[in-house]
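Report on the structure given below.
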Amino acid sequence: MSDATILRPGERTAPAVVADDARLIFIGRIRTPWVEVADCPRMGQADGPQCRIEIDAVWAPALEGIAVGSRIEIFYWFDRSRRDLVVQAPRHAPTLRGTFSLRSPHRPNPIGVSIVSVEAVEGTTLVVRGLDCIDGTALIDIKPHVCDFAPGAGELSADGDHDAA
């Protein structure tokens, strides 16, 4: 029996829901030193090991503007996680907690997010520190941690198009 199917005392689940409204595109894979979920740190650390974010070649132009020293947010898919837990017994806390009050990977939409520092850009690979997921985790998206463009740039105009600013 997998760890993802075992309930701890007091944990509760919701009825299974079939989700068909989100169509995610995985844009790459994350390479970390952790093979099993139990090996992963509870949260990524700024001084953690170097990890590699391998972006599919088609998305290479989207990396323009990411440089060494950038702080970026990495969004990824916890594919081994339960999606039915509403109350959890975290390993690090003495009491039961609602799923939405935790950073647990076990959630209705198992999306992980970490803020990482870019240490190198090697073509379509970013070398970073600060991740907390297993090797081979699917990459959903990358965003700047703090936007550095002028206020108002990129806002939608009345007709729904992005301003040309």
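The values are calculated or read from the model by the stated rules, or taken from the named source; none is laboratory data. Bear in mind the structure is a predicted one, so any value in this text is a computation, not a measurement. Cβ atoms come from the backbone with ideal geometry, glycine included; neighbour counts cover every protein chain shown.
Given the options Val58, Val68, name the one that is within 16 Å of His145 (Cβ to Cβ), out of contact with any Gly (no Cβ under 8 Å at 6 or more places or on another chain) and not small (Gly, Ala, Ser). Explain how you work it out, then say what you get.
Values: Val58 fails: within 16 Å of His145 (Cβ to Cβ).
Matching residue, one of Val58, Val68: Val68.
Among the residues of the stretch 85-128, not one is of a type in the set (Phe, Trp, Tyr) and touching a Gly at 6+ places or on another chain (Cβ under 6 Å).
Return yes or no: is Leu85 hydrophobic (A, V, I, L, M, F, W, C) and surrounded by 18 or more Cβ atoms within 10 Å (Cβ to Cβ)? Yes; evaluated as a whole, the condition is true for this residue.
Selection of first residues in the stretch 42-67 that are acidic (Asp, Glu) and of second residues that are in a loop (DSSP other than H, G, I, E, B) and surrounded by 11 or more Cβ atoms within 10 Å (Cβ to Cβ), restricted to Cβ pairs under 8 Å at least 6 apart or on distinct chains, gives the following pairs, ordered by first then second residue: Glu54/Thr124; Asp56/Ile27; Asp56/Thr124.
Residues in the stretch 92-132 that are without any contact (Cβ under 8 Å) to a residue 24 or more places away in the chain and either surrounded by fewer than 17 Cβ atoms within 10 Å (Cβ to Cβ) or farther than 23 Å from Glu36 by Cβ (or both): Ala93, Pro94, Thr95, Arg97, Gly98, Phe100, Ser101, Leu102, Glu122.
For the stretch 4-32, the set of residues classified as within 18 Å of Asp79 (Cβ to Cβ) and surrounded by 12 or more Cβ atoms within 10 Å (Cβ to Cβ) consists of Ala4, Leu24, Phe26, Ile27, Gly28, Arg29, Ile30, Arg31, Thr32, listed by residue number. Whether a residue is at pLDDT 90 or above and touching a helix residue (DSSP H, G or I) at 6+ places or on another chain (Cβ under 7 Å) was assessed, and Leu63 does not pass this test. The single condition among (1) of a type in the set (Asp, Glu); (2) touching a residue at least 24 places away in the same chain (Cβ under 8 Å); (3) within 24 Å of Gly123 (Cβ to Cβ); (4) exposed (fewer than 11 other Cβ atoms within 10 Å of the Cβ) that Glu36 does not meet is (3). Restricting the stretch 16-54 to residues that are touching a helix residue (DSSP H, G or I) at 6+ places or on another chain (Cβ under 9 Å) and part of a helix (DSSP H, G or I) leaves a set whose member that is nearest to Cys133 (Cα to Cα) is Val37.
For the stretch 1-55, the tally of residues that are of a type in the set (Gly, Ala, Ser) and over 21 Å from Ile115 (Cβ atoms) stands at 8.
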